[in-house]
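Following: one structure in structure tokens, then a few remarks.
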There are 2 protein chains.
Amino acid sequence: MTSPPTIAVDAMGGDHGPNVVVTGALSAARRFGIHVLLFGNEPAIQAALGQRDTEGVLVDVVGTTDDIRMDDHPAQAVRRKRDSSLVRAIQAVKDGDAAAMVSAGNSGAVMAGSLMTFGRIEGIDRPAIASYMPTVSGRVLVLDLGAVTDPKPAILVQFALMGQIYSRYVLDVANPSIGLLSNGEEPGKGNQLTLAAHQLLKETPGIRFHGNVEGKDIPLGTVDIVVTDGFTGNVALKTAEGTATLLFEILRAELSSSVLRKLASLLLRPAFRSMRSRLDYAEVGGAPLLGVAGTAIIAHGRSNERAIENAIGVALRSSEQHLPARIAERIGTATHPAAVINGVPTNRLSI
Amino acid sequence: MTSPPTIAVDAMGGDHGPNVVVTGALSAARRFGIHVLLFGNEPAIQAALGQRDTEGVLVDVVGTTDDIRMDDHPAQAVRRKRDSSLVRAIQAVKDGDAAAMVSAGNSGAVMAGSLMTFGRIEGIDRPAIASYMPTVSGRVLVLDLGAVTDPKPAILVQFALMGQIYSRYVLDVANPSIGLLSNGEEPGKGNQLTLAAHQLLKETPGIRFHGNVEGKDIPLGTVDIVVTDGFTGNVALKTAEGTATLLFEILRAELSSSVLRKLASLLLRPAFRSMRSRLDYAEVGGAPLLGVAGTAIIAHGRSNERAIENAIGVALRSSEQHLPARIAERIGTATHPAAVINGVPTNRLSI
């Protein structure tokens with residue numbers, strides 16, 4: 001019998017503290033039959049565990065002493081706070097003690113720590129943060145969401161290829177369509193970056209390039225993957241989150257403006273709850289850091305128990321699918337187009 | 001007795017055709033006591049007018065023969081289709097026959113036509129499209145929304161100054177707060193453009209610079225004005241519009257999933273209607289083209305009668321306030337900082 005996979009969890013990350021992370025991690029351990037390593041302040045974690053049923057669950061605690069805060073400078077914090085839960089969880093993956101790590105803490109620090117500890121995948125210039133956003137029909141993978149603010153055009157092609165592999169192996173979308181975020185659908189619309197990237201994407205073998213998409217196409221779910229620079233992606237993600245917040249604020253105000261409305265909305269409470277859950281950007285799953293030679297999943301700072309559980313599921317699936325190796329292979333194929341010319345059809349180029 | 005101001009309206013613009021534009025224009029003529037000049041296909045406009053009560057309303061029709069379509073190349077269309085409703089309405093402003101123009105047609109063509117016909121205001125390198133977006137507490141002015149995709153940092157300062165003047169004289173916000181859209185609130189967050197623009201805005205006298213804002217701050221209404229490049233602004237606007245559409249889709253699906261829910265939501269129909277109206281990006285008012293030496297207001301392609309009426313109101317107010325002259329004066333003040341040093345306090349620098 002082989003031992004179950006181990007996932008390292010930064011128990012101190014997230015706005016809601018260790019209780020929420022520990023509860024989510026226990027649910028994940030039970031649901032996926034995995035071993036969970038909880039990194040952080042040992043008394044706090046033990047206290048959280050004490051309140052829960054841990055019978056038959058594979059969970060261990062690794063005590064750490066340093067604390068990386070949300071407002072710490074990412075790279076400095078990673079360098080100075082070696083005994084933080086965030087750094088130790090990444091190190092556990094590097095050392096082979098865990099297959100992947102999850103943190104809802106300082107996302108810049110997860111990125112900096114992963115980059116320093118795992119290094120980049122060969123052929124990838126800049127790792128990207130990818131995440132789902134909710135759509136009319138389900139969800140869309142968007143990358144980058146803030147790792148690379150001024151990429152060169154070729155880096156957007158790397159993002160497209162990494163998104164393709166993630167989508168195929170973690171999300172089971174065999175041949176995902178890829179859109180380039182721009183200020184208009186026409187190929188001639190865009191800024192200097194996207195005009196050049198559009199051309200490169202059109203020439204990239206083995207991808208289903210849809211062309212330019214607009215901001216509205218993210219929530220409308222026009223494509224499976226939206227590729228953009230980290231500055232624009234971050235603005236789009238946060239604008240969508242803020243707009244959802246605005247809508248619920250207006251809905252609440254409208255529904256509480258009279259007794260009749262209050263009564264009618266009581267009947268609809270389950271409908272509103274389900275709506276909120278479908279639009280909860282924190283719950284749609286963890287955001288993988290793609291392009292580093294190890295598996296790190298960033299969970300939303302506002303993650304609740306369910307979001308942590310989902311992020312651990314994503315970490316498990318990414319490690320089972322050997323994502324870094326698959327990305328390395330895909331990048332290698334795409335950057336040796338000679339193979340295409342030698343009689344191999346484009347659609348055979350996908351790994 | 002002086003004659004009432006005249007507003008030129010492109011009656012052929014917009015997704016819903018001349019009927020909607022004509023109806024909105026008649027409402028505006030009545031509401032504001034102005035003279036409206038309707039440009040476009042004369043039989044179509046007369047037919048629309050024939051269905052309405054025009055008693056006591058100052059309205060005239062100017063027949064035109066060319067037709068600029070939504071998918072026409074803006075600059076080419078303006079150059080070739082001289083007798084289109086869009087070009088003729090702009091020309092009427094230039095010739096002094098109207099104080100301002102409104103079009104819900106091809107926005108690129110309105111921009112190209114205004115730029116060619118009016119020219120730029122001295123000191124402005126690139127005109128910008130500004131528009132409101134709905135917020136929790138009211139609305140926020142965002143610019144640019146697509147006119148300038150790759151601005152230099154100094155151009156974002158011009159946008160801030162133009163937004164300030166528009167906000168002060170058209171929206172009656174005496175001292176509006178100005179945020180720079182970025183991927184994080186900290187001054188160190190941003191891409192090369194915003195990092196440089198942040199520094200310039202900090203040093204600009206006579207503005208209330210809030211610092212960086214994130215995408216979520218647009219719908220949350222953190223500041224009065226959000227300054228950004230046209231690429232990012234366009235993505236943010238369309239992401240917000242699409243997210244609102246997504247929300248209403250999910251709401252509709254949830255509320256029609258059972259008979260009980262359908263009945264309860266019947267009672268709440270007025271609440272949902274009011275919510276939709278507060279979130280209608282087409283209705284929040286016309287988008288002024290700032291930085292050209294004449295007044296042109298771009299209405300949303302999806303404009304209904306009320307949106308057209310609102311856009312004409314914005315056109316009237318902008319012309320009454322001599323917006324181009326005020327912008328020229330403000331730009332002159334801001335770019336001659338010597339006046340600041342000579343003992344004039346910064347807060348006296350605003351015109």
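One table, with the values for the structure above:
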quantity: Residue within region A:270-286 that is part of a helix (DSSP H, G or I) and over 30 Å from residue A:25 (Cβ atoms) present; calculated: yes
quantity: Selection status of residue B:70, modelled with pLDDT under 95 and among the aliphatic types (A, V, I, L, M); calculated: yes
quantity: Tally, over region A:227-236, of residues that are touching a strand residue (DSSP E or B) at 6+ places or on another chain (Cβ under 8 Å) and at the interface with chain B (Cβ under 7 Å from one of its Cβ atoms); calculated: 4
quantity: Check on residue A:169, under 30 Å from residue A:84 (Cα atoms) and among the aromatic types (Phe, Trp, Tyr); calculated: no
quantity: Residue A:149, sole failed condition from (1) in a helix (DSSP H, G or I); (2) touching a residue at least 12 places away in the same chain (Cβ under 8 Å); (3) assigned by TED's automatic domain parsing to the domain that holds residue A:228; calculated: (1)
quantity: Test set (1) surrounded by fewer than 22 Cβ atoms within 10 Å (Cβ to Cβ); (2) of a type in the set (A, V, I, L, M); (3) in contact with a Lys or Arg (Cβ under 9 Å, 6 or more places away or on another chain) - residue B:59 fails condition number; calculated: (3)
quantity: Qualifying residue in region A:213-226 (condition: more than 9 Å from chain B (Cβ to nearest Cβ), in a helix (DSSP H, G or I), among the aliphatic types (A, V, I, L, M) and farther than 18 Å from residue A:145 by Cβ); calculated: no
quantity: Those residues of region A:132-168 which are small (Gly, Ala, Ser) and within 14 Å of chain B (Cβ to nearest Cβ), in sequence order; calculated: A:137, A:138, A:146, A:147
quantity: Where a residue in region B:260-273 is under 22 Å from residue B:244 (Cβ atoms) and more than 7 Å from chain A (Cβ to nearest Cβ) and its partner, wherever it lies, is of a type in the set (S, T, N, Q) and surrounded by 11 or more Cβ atoms within 10 Å (Cβ to Cβ), with Cβ under 8 Å and at least six apart; calculated: B:272/B:265
quantity: Subset of region A:278-336 (residues that are among the polar types (S, T, N, Q) and over 16 Å from residue A:98 (Cα atoms)); calculated: A:303, A:304, A:310, A:333, A:335
quantity: All positions within region B:222-239 that are among the charged types (D, E, K, R) and touching a helix residue (DSSP H, G or I) at 6+ places or on another chain (Cβ under 7 Å); calculated: B:224, B:229
quantity: Those residues of region B:195-214 which are buried (at least 20 other Cβ atoms within 10 Å of the Cβ), without any contact (Cβ under 8 Å) to a residue 40 or more places away in the chain and touching a strand residue (DSSP E or B) at 6+ places or on another chain (Cβ under 7 Å), in sequence order; calculated: B:198, B:212, B:213
quantity: Scan of region A:252-287 for residues that are β-branched (Val, Ile, Thr) and closer than 22 Å to residue A:302 by Cβ, ordered by number; calculated: A:284
quantity: Subset of region B:82-135 [touching a residue at least 40 places away in the same chain (Cβ under 8 Å), out of contact with any Phe, Trp or Tyr (no Cβ under 9 Å at 6 or more places or on another chain), under 18 Å from residue B:312 (Cα atoms) and part of a helix (DSSP H, G or I)]; calculated: B:107, B:110, B:111, B:114
quantity: Out of B:248, B:209, sole residue that is within 14 Å of another protein chain (Cβ to nearest Cβ) and of a type outside the set (Gly, Ala, Ser); calculated: B:248
quantity: Hits in region B:227-251 (condition: of a type in the set (S, T, N, Q) and assigned to a helix (DSSP H, G or I)); calculated: B:232, B:234, B:239, B:243, B:245
quantity: Output for region B:117-148, where each listed residue is hydroxyl-bearing (Ser, Thr, Tyr) and either modelled with pLDDT of 95 or more or touching a strand residue (DSSP E or B) at 6+ places or on another chain (Cβ under 9 Å) (or both); calculated: B:117, B:131, B:132
quantity: Some residue of region A:158-166 being within 30 Å of residue A:22 (Cβ to Cβ) and in contact (Cβ under 8 Å) with a residue 40 or more places away in the chain; calculated: yes
quantity: Residues of region B:67-104 classified as surrounded by 24 or more Cβ atoms within 10 Å (Cβ to Cβ) and in contact with a helix residue (DSSP H, G or I) (Cβ under 6 Å, 6 or more places away or on another chain), total; calculated: 10
quantity: Failed criterion for residue A:257 (all others in (1) facing chain B (nearest Cβ under 9 Å); (2) not in a loop (DSSP other than H, G, I, E, B) hold); calculated: (2)
quantity: Top-ranked residue in region B:169-206 [being acidic (Asp, Glu) and more than 12 Å from chain A (Cβ to nearest Cβ); ranked as nearest to residue B:290 (Cα to Cα)]; calculated: B:172
quantity: Region A:159-209, residues that are in contact with a helix residue (DSSP H, G or I) (Cβ under 9 Å, 6 or more places away or on another chain) and in a strand (DSSP E or B); calculated: A:178, A:179, A:180, A:181, A:208, A:209
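The values are calculated or read from the model by the stated rules, or taken from the named source; none is laboratory data. Quick caveat, the model's predicted, so the values are computed rather than measured. Note that we place each Cβ from the backbone using ideal geometry, even for glycine, and neighbour counts take in every protein chain shown.
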